[in-house]
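To keep things clear, I will list the structure first and then write my remarks on it.
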Amino acid sequence: MMKSKTVLTVGTSLASLLLVAGCGSGGGPTVGAASGPSAQPSSGGAPGSPSASSTSPSSSPSPTSTAVSFKAGQCLNDQPSWTDVPCDGPHFYEVASVVKDSKYAGDLVKRAAYRSSVCDEKVGEYLDGPAYGSLLLGAPLPVAADPDNSRQIVCVASQQKADDSGVVARTSSLKGALRGNGFFAYRMCLDGKASSSANVKLVSCTGPHVSEATYGFIMGKWGDKFPGAASINQTSLNTCEAKDKAYVGGVTRDDISFAQNSSGQGPWDKGHRLTVCFVQVNSGTVTGTMRNLRHKSISSIR
């Protein structure tokens, strides 16, 4: 019987990097290789993604801010204008949720982490699936774009380009995009092993790649203390092994490993409590998908 090598690594989560720092920064998202729970998310903005400066904690609007009424399902142009535009025309962001909540308004750092935590959950609900590990990203609208940011949290969704070069200009809504098997149409693929590569890049799943995301989920709830590497490993193991095995077709193989990458202490403290499950080919690359490969030769997808 072919068996998989289950690799479980706790470090900076790829999902957190995409959410905290934005895709496209420098050499692409970085997955911590057994870096421990103290790993920190990378920084840097991306063209078309909320920049580090625009997402920095603040509860005061800029002097030139004007009142804007946000609502779920609303589509927005790119920053810095964040103009309300029709969803059947080109747009970069979509409002997934507007949560009336002033919690921690007097604590800018805690408020920023809370906003991120709320939007991780709300964007996943809006997409109707596990957004964590897909090309569909969620984040709070930058505080500078919302004069009422101390009293509400505006969560926006966007689609990252498969080659990590920016945000897709969509002409349709993302609502319910991950329902059913929708996740697999938007899953992220990496050019290296999610479990061990120090500098993997986001790449198209139709080109050469090593790792494919199979699922993602939020661990615990807001306010939970970071549980440590051992606890995260066990929690991730319980979920990812089953998800990865099902993804491959209900079998284990000696040429494919099951892996996960989870939020370390840094992302956790910033509000991101995420795990992404991956399958990865043990050697070389593939251009086809490992999904439902079952007992077919790996050469059939090289």
Subject >> Count of region 268-302 residues which are of a type outside the set (Lys, Arg), part of a loop (DSSP other than H, G, I, E, B) and exposed (fewer than 14 other Cβ atoms within 10 Å of the Cβ) >> reply: 6
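Among the residues that make up region 247-266, is at least one of them in a loop (DSSP other than H, G, I, E, B), closer than 25 Å to Ile218 by Cα, modelled with pLDDT of 95 or more and over 18 Å from the mean Cα position of the chain (by Cα)?
Residues of region 247-266 that are in a loop (DSSP other than H, G, I, E, B), as a first pass: 249-255, 263-264.
Subset that is closer than 25 Å to Ile218 by Cα: 249-250, 263-264.
If we keep only those that are modelled with pLDDT of 95 or more too, we end up with 249-250.
Within this subset, residues satisfying the condition of being over 18 Å from the mean Cα position of the chain (by Cα) are 249-250.
Taking every residue of region 247-266 in turn, at least one turns out to be in a loop (DSSP other than H, G, I, E, B), closer than 25 Å to Ile218 by Cα, modelled with pLDDT of 95 or more and over 18 Å from the mean Cα position of the chain (by Cα).
What's the total number of residues in region 211-228 that are under 18 Å from the mean Cα position of the chain (by Cα) and closer than 20 Å to Gln260 by Cβ? Walk me through how you get there before you give the answer.
We begin by selecting, within region 211-228, every residue under 18 Å from the mean Cα position of the chain (by Cα); these are 211-222.
Subsequent filtering for residues that are closer than 20 Å to Gln260 by Cβ retains 211-221.
The total comes to 11.
Residues checked against (1) closer than 25 Å to Phe92 by Cβ; (2) modelled with pLDDT under 95; (3) surrounded by fewer than 20 Cβ atoms within 10 Å (Cβ to Cβ):
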site: Ile153; (1), (2), (3): yes, no, no
site: Ser158; (1), (2), (3): yes, no, no
site: Leu178; (1), (2), (3): yes, no, no
site: Ala185; (1), (2), (3): yes, no, yes
site: Val210; (1), (2), (3): no, no, no
site: Tyr215; (1), (2), (3): no, no, no
site: Asp224; (1), (2), (3): no, no, yes
site: Pro227; (1), (2), (3): no, yes, yes
site: Glu241; (1), (2), (3): no, no, yes
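Checking the condition in contact with a helix residue (DSSP H, G or I) (Cβ under 9 Å, 6 or more places away or on another chain) and not in a loop (DSSP other than H, G, I, E, B), which residue from Thr214, Thr239 passes? Please lay out each step first, then the result.
On the way: Thr239 fails: in contact with a helix residue (DSSP H, G or I) (Cβ under 9 Å, 6 or more places away or on another chain).
The match here is Thr214.
Report yes if Val167 is over 21 Å from Lys270 (Cα atoms), among the β-branched types (Val, Ile, Thr) and either free of Cβ contacts under 8 Å to residues at least 60 places away in the same chain or in contact with a Gly (Cβ under 6 Å, 6 or more places away or on another chain) (or both), otherwise no.
On the way: over 21 Å from Lys270 (Cα atoms): yes; among the β-branched types (Val, Ile, Thr): yes; either free of Cβ contacts under 8 Å to residues at least 60 places away in the same chain or in contact with a Gly (Cβ under 6 Å, 6 or more places away or on another chain) (or both): yes.
Yes.
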Original post:
Out of all the residues in region 63-86, is one or more assigned to a loop (DSSP other than H, G, I, E, B) and touching a Gly at 6+ places or on another chain (Cβ under 7 Å)?
Top reply: yes
**OP:** Return the residue satisfying two criteria in turn: it lies in region 143-192 and is among the polar types (S, T, N, Q) and not in a strand (DSSP E or B), and of such residues it is nearest to the chain's Cα centre (by Cα).
**Re:** Ser165
Original post:
For region 100-139, which residues satisfy the criterion of being farther than 24 Å from Val168 by Cβ and outside any helix (DSSP H, G or I)?
Top reply: Lys100, Asp101, Ser102, Lys103, Tyr104, Ala105, Gly106, Asp107
Subject >> Neighbours by Cβ (under 6 Å, 6+ apart or cross-chain): first from region 100-119, at positive phi and surrounded by 14 or more Cβ atoms within 10 Å (Cβ to Cβ); second assigned to a helix (DSSP H, G or I) and modelled with pLDDT of 95 or more >> reply: Tyr104/Lys110; Tyr104/Arg111; Tyr104/Tyr114
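The values are calculated or read from the model by the stated rules, or taken from the named source; none is laboratory data. Note that the coordinates shown come from a computational prediction; the quantities given were computed from them, not determined experimentally. Cβ atoms come from the backbone with ideal geometry, glycine included; neighbour counts cover every protein chain shown.
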